[in-house]
1. Across segment 232-253, what is the total count of residues that are out of contact with any Asp or Glu (no Cβ under 7 Å at 6 or more places or on another chain) and polar (S, T, N, Q)?
2. Considering only residues that are touching a helix residue (DSSP H, G or I) at 6+ places or on another chain (Cβ under 8 Å) and closer than 22 Å to A54 by Cβ, look in segment 134-151 and name the one that is surrounded by the most Cβ atoms within 10 Å (Cβ to Cβ).
3. Among what's in segment 250-270 and is in contact with a Phe, Trp or Tyr (Cβ under 7 Å, 6 or more places away or on another chain) and not β-branched (V, I, T), pick the residue that is modelled with the lowest pLDDT.
4. Could you list, in sequence order, the residues of segment 138-148 that are more than 9 Å from the chain's Cα centre (by Cα) and assigned to a helix (DSSP H, G or I)?
5. Does segment 31-40 hold any residues that are within 23 Å of A207 (Cα to Cα), surrounded by fewer than 13 Cβ atoms within 10 Å (Cβ to Cβ) and modelled with pLDDT of 85 or more, and which are they?
6. Taking segment 131-155 only, how many residues are within 18 Å of A181 (Cα to Cα) and touching a residue at least 24 places away in the same chain (Cβ under 8 Å)?
7. If you check A59, A45, A28, A17, which single one turns out to be modelled with pLDDT of 85 or more and either within 22 Å of the chain's Cα centre (by Cα) or surrounded by 15 or more Cβ atoms within 10 Å (Cβ to Cβ) (or both)?
8. I'm told N194 meets every condition in (1) closer than 24 Å to E14 by Cβ; (2) at pLDDT 95 or above; (3) not aliphatic (A, V, I, L, M) except one. Can you identify the failing condition by its number?
Amino acid sequence: MNTAIDPRRLHLEETVAQANRDLAELEAQVSGGEIDPETAAELRATYEAERDQALRILAEMDQVAADDEPARPERSRRRIVVGALILVTAFGTAVFSVMRTVTDRNNPALQGSAASGPIDPDSVSNETLEAVIAANLDNPQINGMRFALADRYFEAGDYAKAFPHLQAILESDPPPEMAAATLVRLGWMVYDGNQEVELAASLIRQALDIAPDYPLGLYLLARVEWCGGGDPNAAVPLLERALANPEIDADSRSVIEADLAVARAGGSCS
């Protein structure tokens with residue numbers, strides 16, 4: 001089994017990571033009015049081209065090495081369980097009815113058939129979602145599906161695949177609840193993937209400006225401030241606000257309460 005480090009792959013992965021960092025920072029600058037739309041469009045196109053070229057080469061390398069390339073171990077990371085779906089309910093529940101609409105439109109075999117009933121989200125592959133999104137970019141309801149797919153990648157820690165979908169959502173002037181959920185995920189990806197504390201905190205704070213009581217945003221900002229910034233005192237009020245939301249589930253409440261106890265004692269995050 002070949003376990004040698006491939007310098008070319010490392011360079012390409014860093015290119016993707018840097019382009020994603022640049023794009024996230026650009027979106028923060030645009031939101032803050034620090035850069036004009038024309039300049040932003042030019043920079044965005046440059047960063048996207050660099051990222052997409054690197055991703056294409058990586059995909060080609062993976063295809064060539066599919067038979068003998070060892071699976072890269074998944075990074076150990078704390079599971080996020082803090083009511084992630086609370087805020088997205090408004091658009092998440094419609095995702096797969098929208099999917100039925102756009103897939104029926106492009107698949108006559110499904111029109112008017114028994115298959116036109118509800119779709120079980122678990123039965124739909126990432127590849128199918130990618131294909132439907134690509135074929136329906138002009139559909140104004142496609143963002144719900146984009147978010148559903150991005151969230152799968154986000155939860156799996158596959159930030160390189162989640163980022164383009166989240167970025168596309170932000171660029172489409174989404175409704176406030178979707179914008180907030182998207183900004184939170186982008187912020188956490190910037191921190192968890194690249195350890196960029198200030199940019200991560202800025203993106204999540206933008207989300208909380210939109211949705212001040214969003215528990216996932218409060219929890220992840222607390223983690224960024226505490227784990228990344230080394231400030232348990234900054235985490236305490238954020239964790240307390242997250243706990244105040246009556247809709248968080250029992251598992252999420254247990255995680256937050258445990259973190260809050262450690263933060264109040266001035267301990268290190270884990």
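1. 2
2. Of all residues in segment 134-151, those touching a helix residue (DSSP H, G or I) at 6+ places or on another chain (Cβ under 8 Å) come to 135-136, 139, 141-151.
Add one more test, that the residue is closer than 22 Å to A54 by Cβ, and what stays is 146, 149-150.
Values: R146: 24, L149: 21, A150: 28.
Here the answer is A150.
3. Within segment 250-270, the first condition is being in contact with a Phe, Trp or Tyr (Cβ under 7 Å, 6 or more places away or on another chain), and the residues that meet it are 256, 263, 269.
Now drop any that are not not β-branched (V, I, T), which leaves 263, 269.
Values: A263: 95, C269: 89.
Within segment 250-270, the match that is modelled with the lowest pLDDT is C269.
4. I142, N143, G144, M145, R146, A148
5. Just the residues of segment 31-40 that are within 23 Å of A207 (Cα to Cα), to begin with: 31-37, 40.
Retained after the next criterion (residues that are surrounded by fewer than 13 Cβ atoms within 10 Å (Cβ to Cβ)): 32-34, 36-37.
Hits for segment 31-40 are G33, E34, D36, P37.
6. If we filter segment 131-155 for residues that are within 18 Å of A181 (Cα to Cα), which is where we start, we get 141-155.
Now drop any that are not touching a residue at least 24 places away in the same chain (Cβ under 8 Å), which leaves 141-145, 147-148, 150-155.
Residues flagged as within 18 Å of A181 (Cα to Cα) and touching a residue at least 24 places away in the same chain (Cβ under 8 Å) within segment 131-155 amount to 13.
7. Step by step, each of A59, A45, A28, A17 is checked, and only A45 is modelled with pLDDT of 85 or more and either within 22 Å of the chain's Cα centre (by Cα) or surrounded by 15 or more Cβ atoms within 10 Å (Cβ to Cβ) (or both).
8. (2)
The values are calculated or read from the model by the stated rules, or taken from the named source; none is laboratory data. The model shown is predicted, which means the values in this text are computed figures rather than measured ones. Positions of Cβ are generated from backbone atoms using ideal geometry, with glycine treated the same way; all protein chains shown enter the neighbour counts.
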